[in-house]
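Written out below as structure tokens is the structure these notes cover.
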Amino acid sequence: MISPQLHYSRFCLELIMSHKTHLKKTLTALHIWAMGVGLVISGDYFGWNYGLITASPVIMLLVVAAVGLFYLSFIFCYTELVAMVPNSGGPFSFVSAAFGHKLGVIAGAVTLIEFLFAPPAIGLAIGSFVHYVFPVCNAVYVTVASFIIFGVLNCTGVAFAATLELIVTLIASLVLVIFFGATLPHINIANILSSPALKSSIFSQVYSALPFAIWFFLGIEGVAMCVEEVKNPEKAIPRGLITAIVTLLAFALTVIVCSTGILPTSVLISGNDALPKVLAAVSSSSSWLTLMMIYLGIFGLIASFHGIIFGASRQVFALSRARLLPHSLSYIAPKLLTPVNSIILCCAVGIICALSNQTAVLVSISGLGAVFVYALSLAAFIKLKLAKKGGHEHSFKAPFFPVLPIITVLLAILICGLMLLADIMTSLIFLAAVIIICVFATIMYFVHKDKTIHENLH
């Protein structure tokens with residue numbers, strides 16, 4: 001006898017997979033790589049250095065390496081999950097298909113928080129970079145202008161948006177490679193091995209460094225939000241995603257080594273311009289290398305900023321399409337084929353959050369949302385795989401099932417707990433935001449419940 005839960009999960013999956021609102025398929029494996037790296041590459045330019053406030057360089061390196069391995073195993077599972085439920089709803093769709101609507105709403109809420117709180121942090125860094133180069137420019141005004149400009153660019157169409165993401169990601173990656181080449185010969189291993197006078201224990205250093213280690217990789221799962229716009233997703237997504245996570249892990253470890261091997265942590269932890277400071281130390285503040293990092297380094301921020309706005313808008317679009325947010329947010333412009341109202345909402349919320357000027361808090365909240373998403377997505381993957389309830393046939397299979405996903409989901413739960421304990425006030429803000437979104441989504445669901453079911457059964 002089939003349980004009511006299984007009936008309901010199948011209905012959720014069919015509702016998700018068969019809705020009449022569709023996006024245009026234009027993306028390739030190269031776009032997926034660019035989207036995956038681009039969503040995250042700003043983490044190499046700023047944000048990670050705040051982890052050195054409470055952790056030594058060696059602890060930071062070990063935590064980043066461990067988190068990188070966690071992400072690698074997560075991406076193996078996540079890639080197959082995306083192939084099983086190819087829908088722009090991302091974790092909301094995955095969890096709804098596996099566990100039903102209630103947990104799906106929670107997954108959608110935490111994904112939304114992750115992708116709404118990351119852009120203002122990146123926007124503030126863009127403002128700081130521009131202000132550093134042109135002191136006459138107010139950093140806050142630049143942040144607001146960035147949201148407006150890239151909101152408009154996201155509205156112009158997925159082909160243009162993805163091509164722009166590819167170009168800025170390639171530039172940002174090239175700048176990092178040049179940075180590595182310029183700084184590696186000057187590294188002093190003693191600087192990396194030195195332990196600053198930190199009062200906290202090794203355990204405290206580890207869990208306080210977690211949000212900033214995650215920042216190196218945070219957002220890569222946003223690639224799932226564009227799966228409906230991918231040509232040949234069975235091949236393109238595995239190739240693009242796995243290559244992206246390997247690229248990001250190599251970048252993250254090398255950035256820490258090159259930075260802490262040259263400058264003391266007391267210099268690196270102040271501000272959002274750690275990499276220009278490192279280059280200035282090995283050459284001069286007016287050298288072409290330093291100026292390149294300042295002028296072209298902004299492309300690293302732009303790549304993530306542009307990509308995460310893209311991902312956030314697709315999550316809003318999916319929740320609206322499921323009638324958990326106002327239905328007007330799932331409107332697709334007829335000629336552009338983009339969810340313009342969702343993009344506008346994400347940019348408006350981002351501007352409001354950026355006005356707080358609390359980069360470290362925004363990073364921590366976004367990181368909390370991310371690890372909750374990982375735990376829920378991995379649990380959904382295990383459930384769907386065991387029940388064989390994927391909506392599509394797919395060729396990619398995650399290795400070592402079920403051992404790998406079980407270990408990875410347990411690690412995600414452990415990281416969640418450690419991060420919640422690391423900063424109680426930030427955790428309370430995060431939980432309050434989750435509750436508010438879930439309550440609003442629940443109200444919207446019951447208001448539109450009969451209409452949604454009627455539309456999808458006829």
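With Ile309, Ile302 as the choices, which residue is at pLDDT 80 or above, in contact with a Gly (Cβ under 7 Å, 6 or more places away or on another chain), in a helix (DSSP H, G or I) and buried (at least 20 other Cβ atoms within 10 Å of the Cβ)?
Result: Ile309 is the single residue among Ile309, Ile302 that is at pLDDT 80 or above, in contact with a Gly (Cβ under 7 Å, 6 or more places away or on another chain), in a helix (DSSP H, G or I) and buried (at least 20 other Cβ atoms within 10 Å of the Cβ).
Take residues that are touching a strand residue (DSSP E or B) at 6+ places or on another chain (Cβ under 7 Å) and surrounded by fewer than 24 Cβ atoms within 10 Å (Cβ to Cβ) and tell me which of the helices (runs of 4 or more DSSP H) falling wholly in the stretch 180-295 contain 1 or more.
Helices (runs of 4 or more DSSP H) meeting the threshold: 233-260.
For Ile59, state whether it is out of contact with any Pro (no Cβ under 6 Å at 6 or more places or on another chain), hydrophobic (A, V, I, L, M, F, W, C), touching a residue at least 40 places away in the same chain (Cβ under 8 Å) and assigned to a helix (DSSP H, G or I).
Values: out of contact with any Pro (no Cβ under 6 Å at 6 or more places or on another chain): yes; hydrophobic (A, V, I, L, M, F, W, C): yes; touching a residue at least 40 places away in the same chain (Cβ under 8 Å): yes; assigned to a helix (DSSP H, G or I): yes.
In short, yes.
For residues that are β-branched (Val, Ile, Thr), farther than 29 Å from Met84 by Cβ and buried (at least 21 other Cβ atoms within 10 Å of the Cβ), scanning just the stretch 328-383, find the one that is modelled with the highest pLDDT.
The qualifying residue modelled with the highest pLDDT is Ile365.
Working carefully through the options Val278, Val267, Val246, find the one that is under 26 Å from Leu124 (Cβ atoms), out of contact with any Leu (no Cβ under 6 Å at 6 or more places or on another chain) and of a type in the set (Val, Ile, Thr). Outline the logic, then answer.
Values: Val278 fails: out of contact with any Leu (no Cβ under 6 Å at 6 or more places or on another chain); Val246 fails: under 26 Å from Leu124 (Cβ atoms).
After applying the criteria, what remains is Val267.
Just give me the residues in the stretch 80-103 being in contact with a Cys (Cβ under 7 Å, 6 or more places away or on another chain) and in a helix (DSSP H, G or I), in sequence order.
Within the stretch 80-103, Ser96, Ala97, His101 meet the criteria.
Which pairs do you get when a residue that is under 16 Å from Gly311 (Cα atoms) and modelled with pLDDT of 95 or more, found in the stretch 141-152, comes within reach of a residue that is surrounded by 17 or more Cβ atoms within 10 Å (Cβ to Cβ) and of a type outside the set (Phe, Trp, Tyr), reach meaning Cβ atoms under 7 angstrom, with the pair 6+ apart or on two chains?
That search, which allows pairs on different chains as well, returns Phe147/Gly123; Phe147/Cys347; Phe147/Gly350; Phe147/Ile351.
Specify which of the listed residues (Val409, Val403) is of a type outside the set (D, E, K, R), under 24 Å from Tyr78 (Cα atoms), at pLDDT 90 or above and under 25 Å from the mean Cα position of the chain (by Cα).
Criteria check complete, one pass: Val409.
Determine, yes or no, whether Ile149 is surrounded by fewer than 20 Cβ atoms within 10 Å (Cβ to Cβ), touching a helix residue (DSSP H, G or I) at 6+ places or on another chain (Cβ under 9 Å) and either assigned to a helix (DSSP H, G or I) or not charged (D, E, K, R) (or both).
Criteria not met by Ile149.
For the stretch 423-433, check the following and say yes or no: at least one residue is under 27 Å from Phe212 (Cβ atoms) and modelled with pLDDT under 85.
Narrowing the stretch 423-433 to residues under 27 Å from Phe212 (Cβ atoms): 423-433.
Now drop any that are not modelled with pLDDT under 85, which leaves 423.
Checked the stretch 423-433: at least one residue is under 27 Å from Phe212 (Cβ atoms) and modelled with pLDDT under 85.
Within the stretch 168-203, work out how many residues are more than 22 Å from Ile298 (Cα to Cα) and touching a Ser or Thr at 6+ places or on another chain (Cβ under 7 Å).
Looking only at that region, the number is 6.
Between a first residue in the stretch 430-441 that is free of Cβ contacts under 8 Å to residues at least 24 places away in the same chain and a second residue that is among the small types (Gly, Ala, Ser) and assigned to a helix (DSSP H, G or I), which pairs have beta carbons less than 9 Å apart while being 6 or more apart in sequence or on different chains?
The qualifying pairs are Ile435/Ala109; Ile436/Ala109.
Can you spot a residue in the stretch 88-95 that is surrounded by fewer than 24 Cβ atoms within 10 Å (Cβ to Cβ) and either more than 30 Å from Thr359 (Cα to Cα) or out of contact with any His (no Cβ under 9 Å at 6 or more places or on another chain) (or both)?
Here is the first cut: in the stretch 88-95, the residues surrounded by fewer than 24 Cβ atoms within 10 Å (Cβ to Cβ) are none.
No.
The values are calculated or read from the model by the stated rules, or taken from the named source; none is laboratory data. Everything quoted here is computed from the prediction, not taken from an experiment. Cβ atoms come from the backbone with ideal geometry, glycine included; neighbour counts cover every protein chain shown.
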